Every structure is written in structure tokens, then in C-alpha cells.
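The values are calculated or read from the model by the stated rules, or taken from the named source; none is laboratory data. All values reported here derive from a predicted model rather than from experimental measurement. Glycine gets a Cβ as well: all are built from the backbone with ideal geometry, and neighbour counts include every protein chain shown. Calculation scope for accessible area: heavy atoms of the full protein, side chains included, ligands and nucleic acids excluded. Shrake-Rupley method; radii C 1.70, N 1.55, O 1.52, S 1.80 Å.
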Amino acid sequence: TELMRSWGKTPVRCTSTPGFIVNRVARPFYGEAQRMAQRGSASPADLDLALTEYGGFAMGPFRLTDLIGQDVNYAVGHSVWQQTDQDPRYEPTGFQDDLVQAGTLGRKTGRGFYLYPEGARKGVPDPEVAQIIAEEAEARGVSSETLTGEEIVERLFYPMVNEGTRILQEGISYRPSDIDLVWINGYGWPSWTGGPMFWADGVGLAKIVASLEAQAKRFDAPELEPAPLLRRLAEEGKGFQSLKEGA
């Protein structure tokens, strides 16, 4: 621990598992954003805007995917999916596979979810990609929604909290605060909220469970079903902070 701190790192304990803490919780960050676009709930640009203006992130999931590379994001997601016996919670979306196959990989190729003319660092929405996503949404027979920025943030943050709960339930992470530390220090979660698990206690776990249940039923999305531990804490009127007391 002291060695890691001498390197300027903040160590946390977790067991060995596909994705560890960061990439396990990141799959809903990316995956649910893509599924929301695929369902016609909001465009990639609107989802990114909500994450920066209302969620406190420096960059939304689609701009971040373009930055790190569509192929890299897809490979990480596909790896977690394969290593978890193709658990549908981690399955990459169909349109992301199409984009990778077409070489639409983000800033490094000049186009991804956004277009980057002449090496521009901040792109503009790519209408062709928007059309691909819209066609897939239409093929699925879903109707578009009109969501506020706050509603978009909730739709993205709640599945991340749910995945964090699964990590605790499975014994991969030992404390909710470790998940918070990882996401604040390693992924840019807005520090003033205390991290995703601390933030969830402020929202109220019963509210999060009710929202996840409604979305899982509406979209026939088993990946949004609340984790058993999340349900139990909500039913008992407790929060994640109670787990420090052995509850």
C-alpha cells in the first residue's frame, strides 16, 4: 500500500474478475448510453450534453468512446461479455459492431459518433451514424422519447449504481467507498457528489429500484433488473453506508 502511495496512486482492494471494478461499472456507462440511443430515447449528442451539463462529467460516453477509439471500447466490452459467458448485461450493441466493421473508429480515423474535419479535437455529430442508430431504433419498433437532461443522467447513473451493487454482492469489492474512490480518481466521476454509491444514498435506493424496475419492464431489458442486494437495502430503508456497519 505504501509503495503504491509513493507512486501517487490510491490503492483499493478487489478480487480478480473480468473488468475488475472500473470496467464492470463502465459497461453500463457506455452500454446503457448506446442502448438508450438504440431505443430512440436520445441522440448521442444529447446524451453527451446531459452528462456534462447535468451529470458533472468532463466528457460524455460517446465523445469519450471517440477519444479512446471505437474499436478499443468495443474490444473491452466484448471481452467482458465473453468472459462472463455472454451475459446479456454486457453484450455490445449491434450498431457498435457495424461502426467498428466500417472503420468508423473515432478521432483517430476522423469520424466516429462525431466528425473530426482536418484533425479537429472536438467534432460535430455525424449524420450518417445518427441515421444508422435511428434505423436500428425504427427496426426495433420503439418510439422516440423526450427526456430532460436530469432524466438522461438518472437513466445512465442508476444502472451504474446497480452494477456497483452487484460487485459488492459478489465480493469483488469490499466497501462501497472503494467503488467511489475508483470512479472519482480513475474515471472522472464528479468528486463533489462523493462517488456513485455515496450519491445513490442521497437519491434514495427505493427510488433507484423503482426506476430500474420500470425501465426493465418497459424495454424488456433484464440487464436493468435491480440486484438482489439493492432490492434488500431499499426494502429495509437502508443505504450503502450501512454496509460499513455489517448490515
Quiz item: Across region 102-199, how large is the tail of the calculated P(r) beyond 21 Å, expressed as a percent of all Cα pairs?
Solution: 58 percent
Practice problem: Pop out the carbon and sulfur fraction of the accessible area of the chain as a percent, whole number, probe 1.4 Å. | Solution: 51 percent
Practice problem: Please calculate how many Å² of accessible area the chain carries per residue, with a 1.4 Å probe and no DNA, RNA or ligand atoms counted. | Solution: 48 Å²
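Within 13 Å, Cβ to Cβ, of Tyr30, how many net charges do the neighbouring residues add up to if Lys/Arg are +1 and Asp/Glu are -1? Intermediate results must be reported in sequence, preceding the final value.
Details: positive: Arg24, Arg27, Arg35, Arg63, Arg89; negative: Glu32, Asp48, Asp66, Glu91, Glu163, Glu223.
Net of charged neighbours comes to -1.
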Quiz prompt | Cα-only Debye scattering, the chain: base-10 log of I(q)/I(0) at q = 0.08, 0.11, 0.13, 0.16 Å⁻¹ | solution = -0.30, -0.58, -0.81, -1.23
Quiz item: Quick one: Karplus J couplings for region 153-161, per residue in order, coefficients 6.51, -1.76, 1.60, θ = phi - 60°, nearest Hz, x for Gly and Pro?
Solution: 4, 4, 4, 8, 6, 4, x, 5, 4
Quiz item: Excluding same-chain residues fewer than 8 positions from Lys108, which lysines have a Cα within less than 20 Å of its Cα?
Solution: Lys122
